[in-house]
Amino acid sequence: MLVYFLRRLALTVPTFIALMFVTFVAIRLVPGDPVEVRVGEHGISPERLVYFRHQLGLDLPVWRQFLDYCWKLLHADFGVSLSTNQKVLTEFLTLFPATIELSVCAMLFAVAIGVPAGAVAAVKRGSVYDQGLMTVSLFGYSMPIFWWGLLLIMFVSVQHEWLPVSGRIDLINYYFDQPTGFMLIDSLLSGEDGAFLDAVRHLVLPAIVLGTVPLGVIARMTRSSMLEVLSEDYVRTARAKGLSPFRVIGVHALRNALLPVVTVIGLMVSSLLAGAVLTETIFSWPGVGHWLIESISRRDYPALQGGVMLVSTVVIGVNLVVDLVYGAINPRIRHGR
Amino acid sequence: MKSLVFASLGLAALLAGMPAATAKTLVYCSEGSPENFTPALNTTGTSFDAARPVYDRLTEFKRGTTEVIPGLAESWDIADGGKTITFHLRKGVKFHGVKDFTPTRDFNSDDVLFSINRQWKEDNPYNKVSGGKYDYFNDMDMPASIDSVTKTDDYTVVLKLKEPNTPILANFAMDFMAIGSAEYADFLLKKGTPEQFDQTPVGTGPFYFVAYQKDSVIRFKKNPDHNFGEKALVDDLVFAITPDATARYAKLKAGECHINGYPRPADVAEMEKDASLTVVHEPGLNIAYWAFNMTKPPFDKLEVRQALSMAIDRDAIIKDVYLGAGVKAKTLIPPTMWSFDDKIVDIPYDPEKAKATLAAAGVKTPLDIDLWYQPVQRPYNPNGKRIGEMMQADLAKIGVNAKLVTFEWGEYRKRLQNAESDTGQMGWTGDNGDPDNFFFLLGCPDGKPAGNNIPKWCNAEFNDLLAKARSISDQAERAKLYARMQEIEHDEQPELLIAHSIVYEATRANVEGYKQSPLGTHAFQGVDVK
Amino acid sequence: MAADVALPAVSSEEAAEVLAQPTPLAAFWAAFRENHGAVFGLVVISTIALIAIFANFIAPHSPIEQFRDAVRAPPIWESGGTWRYALGTDGDGHDTLSRLIYGARVSLFIGLSVMSVSFVVGVVLGLLAASVGSLVDVVITRVMDLIMAVPSLVMAILVVAVLGPSLANTIVAVTIVYLPRYVRLVRASALGELTKDYVTAARVAGVGPLRLMVSTVLPNCLAPLIVQAALGVSDAILEAAGLGFLGLGAQAPTPEWGTMLADSREFIRSDPWIVALPGLAILIAVVAINLTGDGLRDALDPRMRRT
């Protein structure tokens, strides 16, 4: 098991190196001088231009800049944001909980609805319900979520004002410390009346929007996985033994059907983060997706560089964990080719 | 017994039903996150707005105007032909306390010296902190203008200038001259965390800083010790950071924020119809222009410049690109600024006359020129590309083929200032409300065009008046000089003045006392929520 | 004994009929046809394609012409709507119907370009990785892992930031993002095929490696590849629309559905149809392609047809 883990870990190293190289090169290729582009109509005197380029290390030869960059990365120094002068890592860690919270809730939404729906569809295969579910889930993962978000905002908030459309909590009535950065947890910890409920209300729309595509995918995957399992011999045996259908389906079949679904969930981290970028933009959700987009328009190169590295690290990390879990569950993978 | 129980229950119910005396909160829907809380380090309105509630300055702009009034300096004397300004500082002004730090003394000259020297002197311990970039201090030519700043006692600061410069008093009212606490600075330096100075601000202002949650919310509370000028009328001030304009409107409509400083022009019509909202607007302190490079023929000929100017339909541009949120410009400064000369007759839109004038100047059509357009949105130019396209179409009608060119913003500005274009779009946003801050754009110090002088136009009379207006302090006299300068500029037509953008702001109808600032800043003292 | 088993008497014509296998194409089509959803999807996407091809003849106006006197005109079902601008106009006075029609052309163009380039490059890289093996394989796989490690939209944004926002660069960015899927698919299929007997047999027979990969191995990997290609078109359209929505895709006045959505956001309260229609177009196109792709998958792979 340990060997497997180490082997998988070792395989991520070249990916990291390539990532460092690519982000460095890409950012350097973005047109525009990082100092000049942030100057307004006043312009900037040549002396000050030279001074600030020197400060950013831009007057060093490119290979020196790259080595400095790699060296700092290995010490977990992702640089300092050009706009706020704060460490990029600190900014990322401040904003990441918001994105995690949104993504987790979106995934919960997708799983809580998708798995049972898909399982039922598999059991009632060919029925109207099955066809209906397949159609709905198809629409789910075909949905342009930026449009879906706008539609929901239009109906829910503009027309009827049932749910809030931006932010994480009502700022007028609630003010509490945020020790964890997760609004749901912090609101409970604060003990303020109604804060938790308000946080939930703010999460509903963004989580639905972000979770729509995973919902479609998970429902379908569960269905096809269940269908495979239901036709297996051991299920027929269980049925023949006289076990109640509920036990057969709920306990035996579902458990085995869920395996591929679990791996799919893990692999969805990447697409969840991509979706988070769009969702955070629409709902003014203060997470890393929104921060990355801002960094581009602000030409904040260190933030963009560091942000892409950190986000990719998270994806690689989660994929590694999923691989390990899958390897633990399924020994064939561990020892196989 | 029963009646007593009922009575107490009734009383309890009554009390429960009564609205509790809650703190009054004013919520401002902010369009972005601040970079830090020290205005000297910033250039964006977003960052300035976020820090302003906490600070005062030596002089202030009377809220809603560009008139300079006393601030932390109660009064000042100008001597020596305008080269020495002595500030008499207000007594009994207290700084805020934050976690760990409680001020032990009132505001005095040391704080003024610190705030200036941090930006000016490279040997100041705070000069390099948090990036060390003091753009406005340098751009407003403070290092070039100031000879020395000294204190004669705890409440008197003497400023010696190299040349007489009346507008500098307006500079002291600008955000970058916010006065910070020298004591707080020393405290943090000893603690080893000077960067905190720019993250947790301490000032003398009408509000004090409570907390900032990145990209989410900034909180301030009323400073009860603020004893001069306008005071905070609400107990809590909250900046709800909402980058999406649609979300800002939704929040304003729902009453989740009280003031929206940047509504979308497309939403304004609907907002104006809404009885629960109040919409205010005025021309911003800005100008968008199309400059002709007078070092390149045929733009050195006045008739050619006039012809090209007459060919452009500016009304259509204002309608389509500014969506009506603009006013056609006939002089450099907007109508709201003092010394604006309304007597100037604007250049007409007359394609026929333009064609004739062009021919009379001896220019053969088709004439090929390049037209540089701004690649990014600016406060005075919502869409440089579209304006460029409309101009291109207008110019084609008089036989001029304009090729559209652009570069990345930094590159664009640099090349334009290096006179590389034939014609180019540019603009300007006023910093301090003084006409000099606009007219200097066309100046020629020492006979050479200033960097910002895009047309590279040098007129001796214009320059003399520019220098003279800087040296006298009587506003009426200065206005006369600026009026004459506007005439000269109009007659010579070095650039086509396109428009001043109109700035809209929206508040809830129950917000009282909010005044729109011509400088585009948002201030919340003196604002109440009913 | 052969004589003990009594076979029913069969004429030679009947026998021929029974023995004649349907051609693979006919078999495929028969299977595809069974899936009503897939057929429906195919019909819809073909219609969209036809609309895109004949846009010049179908669209009532030019998509970039601005009707300054009819800005934000309502569509036909609202009061004040006219047939001149059947689906209304947007904030700049462009006719929405014409822009939607030409937008189909833009989106399909993007989808097909991305799909074809990633298909070709993906096949080449995948076959290379599978056949040459060792260092080439490692490098290719690692690069693909790298691309997959960065979330798709973030990667696309990075590419666009470097190259500048435009239609062409959108295609480049989205191609890079979706390339790994093709490469992995081809590589995995090819690796699977390479262990099979018929490949060994061909090798022994002296078939050169290039011919081996292209003529022998590749056709057997085609089934999942075609399905991926079909579904890849819809993915590309969605991704490109996402970029357009963020303002990083095709620039105005090019009528791309995602960019139209971005421009429409300010009218979400005042003129909701400007928001609803472009997104609806994207949804319909993507659903149709996905239905077709599903049908393709079910028809091509009999094993999967069961489910």
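The values are calculated or read from the model by the stated rules, or taken from the named source; none is laboratory data. Worth saying up front: this structure is predicted, and the values here are computed from it rather than measured. We place every Cβ from the backbone using ideal geometry, glycine too, and count neighbours over all the protein chains shown.
Tell me the residue from A:Thr84, A:Thr90 that is farther than 16 Å from A:Val261 by Cα, polar (S, T, N, Q) and assigned to a helix (DSSP H, G or I), please. So that I can check it myself, show each step before the final result.
On the way: A:Thr84 fails: assigned to a helix (DSSP H, G or I).
Of A:Thr84, A:Thr90, the one residue that is farther than 16 Å from A:Val261 by Cα, polar (S, T, N, Q) and assigned to a helix (DSSP H, G or I) is A:Thr90.
Of all residues in the stretch C:56-108 being within 14 Å of chain B (Cβ to nearest Cβ) and basic (Lys, Arg), which is nearest to B:Val321 (Cα to Cα)?
Just the residues of the stretch C:56-108 that are within 14 Å of chain B (Cβ to nearest Cβ), to begin with: C:64-72, C:89-94.
Filter again for basic (Lys, Arg), leaving C:68, C:72.
Numbers: C:Arg68: 11, C:Arg72: 15 Å.
Looking at residues that are within 14 Å of chain B (Cβ to nearest Cβ) and basic (Lys, Arg), I get C:Arg68.
Take the stretch B:413-443 and flag every residue that is among the charged types (D, E, K, R) and within 20 Å of the chain's Cα centre (by Cα). Walk me through it before giving the result.
First, pick out the residues of the stretch B:413-443 that are among the charged types (D, E, K, R): B:413-415, B:420, B:422, B:431, B:434, B:436.
Passing the criteria: B:Arg413, B:Asp431, B:Asp434, B:Asp436.
Inside the stretch A:41-64, can you point out the residues that are in a helix (DSSP H, G or I) and touching a residue at least 12 places away in the same chain (Cβ under 8 Å)? Don't jump to the end; show me each part of the working.
Of the stretch A:41-64, the ones in a helix (DSSP H, G or I) are A:46-55, A:62-64.
Across the stretch A:41-64, the qualifying residues are A:Leu49, A:Phe52, A:Arg53, A:Val62.
Tell me whether the stretch B:411-421 contains one or more residues that are among the aromatic types (Phe, Trp, Tyr), within 14 Å of chain A (Cβ to nearest Cβ), in contact (Cβ under 8 Å) with a residue 24 or more places away in the chain and more than 26 Å from B:Thr66 (Cβ to Cβ).
Applying the first criterion (among the aromatic types (Phe, Trp, Tyr)) to the stretch B:411-421 yields B:412.
Those still in the list that are within 14 Å of chain A (Cβ to nearest Cβ) too: B:412.
Those left that are additionally in contact (Cβ under 8 Å) with a residue 24 or more places away in the chain: B:412.
When the remaining residues are screened for being more than 26 Å from B:Thr66 (Cβ to Cβ), the result is B:412.
Within the stretch B:411-421, one or more residues are among the aromatic types (Phe, Trp, Tyr), within 14 Å of chain A (Cβ to nearest Cβ), in contact (Cβ under 8 Å) with a residue 24 or more places away in the chain and more than 26 Å from B:Thr66 (Cβ to Cβ).
For the stretch A:290-311, which positions are in contact (Cβ under 8 Å) with a residue 12 or more places away in the chain, within 11 Å of chain B (Cβ to nearest Cβ) and not charged (D, E, K, R)?
Within the stretch A:290-311, the first condition is being in contact (Cβ under 8 Å) with a residue 12 or more places away in the chain, and the residues that meet it are A:290-293, A:295, A:298-311.
Restricting the remaining residues to those that are within 11 Å of chain B (Cβ to nearest Cβ) gives A:290-291, A:293, A:298-300.
Residues satisfying the conditions are A:His290, A:Trp291, A:Ile293.
Among the candidates A:Ala76, A:Ala110, which residue alone is touching a Pro at 6+ places or on another chain (Cβ under 8 Å) and more than 21 Å from A:Ile296 (Cα to Cα)?
Values: A:Ala76 fails: touching a Pro at 6+ places or on another chain (Cβ under 8 Å).
On inspection, the qualifying residue turns out to be A:Ala110.
All but one of (1) at pLDDT below 90; (2) β-branched (Val, Ile, Thr); (3) in a helix (DSSP H, G or I) hold for A:Ile100; state the number of the condition that does not hold.
Every listed condition holds for A:Ile100 apart from (1).
Have a look at C:Ser264, C:Ser234 and point out the one that is at the interface with chain A (Cβ under 8 Å from one of its Cβ atoms) and crowded, with 23+ Cβ neighbours inside 10 Å. Steps first, please.
Values: C:Ser264 fails: at the interface with chain A (Cβ under 8 Å from one of its Cβ atoms).
Just one listed residue meets the conditions, C:Ser234.
I'd like to check something: does the stretch C:57-74 contain any residue that is of a type in the set (Lys, Arg) and in contact (Cβ under 8 Å) with a residue 60 or more places away in the chain?
Of the stretch C:57-74, the ones of a type in the set (Lys, Arg) are C:68, C:72.
Filter once more, keeping what is in contact (Cβ under 8 Å) with a residue 60 or more places away in the chain: C:72.
Yes, the stretch C:57-74 contains at least one residue that is of a type in the set (Lys, Arg) and in contact (Cβ under 8 Å) with a residue 60 or more places away in the chain.
Name every residue in the stretch B:120-144 that is under 21 Å from the mean Cα position of the chain (by Cα) and buried (at least 17 other Cβ atoms within 10 Å of the Cβ), in order of residue number. Before the answer, list the steps.
Looking only at the stretch B:120-144, we keep the residues that are under 21 Å from the mean Cα position of the chain (by Cα), and these are B:133-143.
B:Lys133, B:Tyr134, B:Asp135, B:Tyr136, B:Phe137, B:Asn138, B:Asp139, B:Met140, B:Met142 - these are the residues of the stretch B:120-144 that are under 21 Å from the mean Cα position of the chain (by Cα) and buried (at least 17 other Cβ atoms within 10 Å of the Cβ).
Restrict the check to the stretch A:121-132 and report whether at least one residue is surrounded by fewer than 23 Cβ atoms within 10 Å (Cβ to Cβ), at the interface with chain C (Cβ under 10 Å from one of its Cβ atoms), modelled with pLDDT of 85 or more and farther than 16 Å from A:Thr212 by Cβ. Let's see the steps before the verdict.
From the stretch A:121-132, those surrounded by fewer than 23 Cβ atoms within 10 Å (Cβ to Cβ) are A:123-132; that's our starting set.
Filter once more, so that each one left must be at the interface with chain C (Cβ under 10 Å from one of its Cβ atoms): A:125, A:131.
Now drop any that are not modelled with pLDDT of 85 or more, which leaves A:131.
Now drop any that are not farther than 16 Å from A:Thr212 by Cβ, which leaves A:131.
Yes, the stretch A:121-132 contains a residue that is surrounded by fewer than 23 Cβ atoms within 10 Å (Cβ to Cβ), at the interface with chain C (Cβ under 10 Å from one of its Cβ atoms), modelled with pLDDT of 85 or more and farther than 16 Å from A:Thr212 by Cβ.
Which strands (runs of 3 or more DSSP E) does the stretch B:145-227 wholly contain that include 1 or more residues that are within 14 Å of chain A (Cβ to nearest Cβ) and charged (D, E, K, R)? Steps first, please.
Values: elements: B:146-153, B:156-161, B:207-213, B:217-222.
In the stretch B:145-227, the matching strands (runs of 3 or more DSSP E) lie at B:217-222.
Among (1) assigned to a loop (DSSP other than H, G, I, E, B); (2) farther than 22 Å from B:Gln199 by Cβ; (3) modelled with pLDDT under 90, which single condition is B:Gly32 missing?
(2)
Is it true that A:Phe66 is away from every other protein chain (no Cβ under 13 Å) and crowded, with 19+ Cβ neighbours inside 10 Å? Walk me through it before giving the result.
Working: away from every other protein chain (no Cβ under 13 Å): yes; crowded, with 19+ Cβ neighbours inside 10 Å: no.
No.
Has the stretch A:25-47 got any residue that is exposed (fewer than 14 other Cβ atoms within 10 Å of the Cβ), within 21 Å of C:Val159 (Cα to Cα) and more than 8 Å from chain B (Cβ to nearest Cβ)? Steps first, answer last, please.
The initial filter retains those residues of the stretch A:25-47 that are exposed (fewer than 14 other Cβ atoms within 10 Å of the Cβ), namely A:25, A:29, A:45-47.
From what's left, within 21 Å of C:Val159 (Cα to Cα): A:25, A:29.
When the remaining residues are screened for being more than 8 Å from chain B (Cβ to nearest Cβ), the result is A:25, A:29.
Within the stretch A:25-47, one or more residues are exposed (fewer than 14 other Cβ atoms within 10 Å of the Cβ), within 21 Å of C:Val159 (Cα to Cα) and more than 8 Å from chain B (Cβ to nearest Cβ).
Mind counting the residues in the stretch A:287-300 that are under 17 Å from A:Asp33 (Cβ atoms) and either crowded, with 24+ Cβ neighbours inside 10 Å or not hydroxyl-bearing (Ser, Thr, Tyr) (or both)?
The first filter runs over the stretch A:287-300 and keeps only residues under 17 Å from A:Asp33 (Cβ atoms), leaving A:295-300.
Pick out the ones that are also either crowded, with 24+ Cβ neighbours inside 10 Å or not hydroxyl-bearing (Ser, Thr, Tyr) (or both) and you get A:295-296, A:298-300.
Counting residues in the stretch A:287-300 that are under 17 Å from A:Asp33 (Cβ atoms) and either crowded, with 24+ Cβ neighbours inside 10 Å or not hydroxyl-bearing (Ser, Thr, Tyr) (or both) gives 5.
Where in the stretch C:206-307 are there helices (runs of 4 or more DSSP H), lying fully within it, with 3 or more residues that are more than 30 Å from C:Ser131 (Cβ to Cβ) and without any contact (Cβ under 8 Å) to a residue 12 or more places away in the chain? Walk me through it before giving the result.
On the way: elements: C:218-245, C:257-264, C:272-300, C:302-305.
Passing ranges, in order: C:272-300.
Looking only at residues in the stretch A:152-202 that are in contact with a Pro (Cβ under 6 Å, 6 or more places away or on another chain) and more than 30 Å from C:Glu266 (Cα to Cα), which one is nearest to the other protein chains (Cβ to nearest Cβ)?
A:Gly181
Would you kindly identify the helices (runs of 4 or more DSSP H) lying entirely within the stretch A:173-251 that contain at least 1 residues that are without any contact (Cβ under 8 Å) to a residue 24 or more places away in the chain and touching an Asp or Glu at 6+ places or on another chain (Cβ under 8 Å)? Lay out the reasoning, then the answer.
Numbers: elements: A:183-190, A:195-230, A:233-240.
In the stretch A:173-251, the matching helices (runs of 4 or more DSSP H) lie at A:183-190.
Which condition number does C:Thr254 fail, the rest of (1) hydroxyl-bearing (Ser, Thr, Tyr); (2) over 24 Å from C:Asp92 (Cα atoms); (3) away from chain A (no Cβ under 14 Å) being met?
(2)
Please specify each residue of the stretch B:146-159 satisfying the condition of being within 26 Å of the chain's Cα centre (by Cα) and more than 14 Å from B:Lys121 (Cα to Cα).
Correct list: B:Leu159 only.
Here is a check on your reading of the model: is A:Ser284 within 14 Å of chain B (Cβ to nearest Cβ) and surrounded by fewer than 24 Cβ atoms within 10 Å (Cβ to Cβ)?
On the way: within 14 Å of chain B (Cβ to nearest Cβ): yes; surrounded by fewer than 24 Cβ atoms within 10 Å (Cβ to Cβ): no.
No: the conditions fail for A:Ser284.
Would you mind finding the one in C:Ala188, C:Ala156 that is surrounded by fewer than 19 Cβ atoms within 10 Å (Cβ to Cβ), more than 7 Å from chain A (Cβ to nearest Cβ) and either of a type outside the set (S, T, N, Q) or part of a loop (DSSP other than H, G, I, E, B) (or both)?
Every option except C:Ala188 fails the conditions.
Just to be sure before I move on: is C:Thr89 surrounded by 15 or more Cβ atoms within 10 Å (Cβ to Cβ), within 30 Å of B:Ala269 (Cα to Cα) and either at pLDDT below 85 or over 28 Å from the mean Cα position of the chain (by Cα) (or both) in the structure I sent?
On the way: surrounded by 15 or more Cβ atoms within 10 Å (Cβ to Cβ): yes; within 30 Å of B:Ala269 (Cα to Cα): yes; either at pLDDT below 85 or over 28 Å from the mean Cα position of the chain (by Cα) (or both): yes.
Yes.
Conditions first: (1) touching a Gly at 6+ places or on another chain (Cβ under 9 Å); (2) under 29 Å from B:Asp315 (Cα atoms); (3) within 14 Å of chain A (Cβ to nearest Cβ). B:Ala450 passes all but one, so which condition is the exception?
Of everything listed in (1) touching a Gly at 6+ places or on another chain (Cβ under 9 Å); (2) under 29 Å from B:Asp315 (Cα atoms); (3) within 14 Å of chain A (Cβ to nearest Cβ), B:Ala450 misses just condition (2).
What's the number of the condition C:Gly206 fails, among (1) closer than 30 Å to B:Arg386 by Cα; (2) surrounded by fewer than 17 Cβ atoms within 10 Å (Cβ to Cβ); (3) of a type in the set (Gly, Ala, Ser); (4) more than 14 Å from chain A (Cβ to nearest Cβ)?
Among (1) closer than 30 Å to B:Arg386 by Cα; (2) surrounded by fewer than 17 Cβ atoms within 10 Å (Cβ to Cβ); (3) of a type in the set (Gly, Ala, Ser); (4) more than 14 Å from chain A (Cβ to nearest Cβ), the lone unmet condition for C:Gly206 is (1).
Quick one: which residue in A:Ser103, A:Ser142, A:Ser81 is at the interface with another protein chain (Cβ under 10 Å from one of its Cβ atoms), under 30 Å from B:Ile241 (Cα atoms), of a type outside the set (Asp, Glu) and surrounded by 15 or more Cβ atoms within 10 Å (Cβ to Cβ)? Can you show your working first?
Values: A:Ser103 fails: at the interface with another protein chain (Cβ under 10 Å from one of its Cβ atoms); A:Ser142 fails: under 30 Å from B:Ile241 (Cα atoms).
Just one listed residue meets the conditions, A:Ser81.
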